[in-house]
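Below is one structure; the comments refer to it alone.
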Amino acid sequence: MKLAIDLHIHSGLSPCADDDMTPNNILRMAKIKDLDVIAITDHNSTRNLKSFLKVAKKHNIICIPGVEVNTKEEVHLLALFKDIDASNKFQHVLDDTLPKIKNNSRIFGHQYIYDENDNIIEEYENMLLNAINLPLRETIDEILKLDGIPIPAHVDRKSFSIISNLGFIAPELPIDIIELSKNCKYDDLITKYPYLKKYNIIKSSDAHSLGNIMEREFFIDVKNKNTDETLKSIKN
């Protein structure tokens, strides 16, 4: 069975995302675009995941709990988890390592936490765009402790990627998967960085607005449509 996926979507909790990136709006758009699986991956926070998982069930879409971490090196790293309990535990790591600097919503945008009916229940105060005080390797280790999947985000980009900021992916890092931007030309990237052939690939939208969510463009093969099978297919 082939599932259409988009595993990098920001809600209105990410200050750089549109305020209408609410649970129901995103899931309706995912339904319109005929996606089977999405992941909500806000910057340095998992606080909107509970509402998204509830709404996803109504639409028969798998929603994988996730987050986009900005490590100490300013490297963006996706973390995907098997359930909300694991993502909640990882939130403690983020709370302990994110600098306590107040967000200026007029400059950076709002950081809204929604309920399952798209009501704003809180505006998170501390700025989520900052880098956490945890290096890349230690961040990966914390994700793996919770049986999560660490995925360097948009490795083809010229900013906030592991290649742009560190120059390469160190072979000793326990990484099996990398993410490419949806418009990345894989052959050109592999010509430039041949060693990337050894990694599994996903392509995602990194959507900050409803229109940028993926169409049925990138697929994975699974035996059954559920979160466990989806994560297993991504790993393998």
Test result for I64, crowded, with 22+ Cβ neighbours inside 10 Å, within 13 Å of S11 (Cβ to Cβ), touching a strand residue (DSSP E or B) at 6+ places or on another chain (Cβ under 9 Å) and among the hydrophobic types (A, V, I, L, M, F, W, C): no
Count of residues meeting criterion [among the hydrophobic types (A, V, I, L, M, F, W, C) and closer than 14 Å to T46 by Cα] in segment 95-126: 2
All positions within segment 71-90 that are buried (at least 22 other Cβ atoms within 10 Å of the Cβ) and assigned to a helix (DSSP H, G or I): S87, F90
Verdict on K54 being among the basic types (K, R), within 28 Å of V222 (Cα to Cα) and assigned to a loop (DSSP other than H, G, I, E, B): no
Set L35, L27: member being farther than 21 Å from Q91 by Cα and out of contact with any Asp or Glu (no Cβ under 9 Å at 6 or more places or on another chain): L27
Segment 100-133, subset part of a strand (DSSP E or B) and of a type outside the set (D, E), residue nearest to P15 (Cα to Cα): Y112
Unmet criterion (only one of (1) surrounded by fewer than 13 Cβ atoms within 10 Å (Cβ to Cβ); (2) among the basic types (K, R); (3) in a loop (DSSP other than H, G, I, E, B)) for K197: (3)
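Readers should treat all values here as calculations from the given coordinates under stated rules, not as data from a laboratory. Please read these numbers as outputs of a predicted model, since none were measured by experiment. Glycine also receives a Cβ, built like all others from the backbone with ideal geometry; neighbour counts cover every protein chain displayed.
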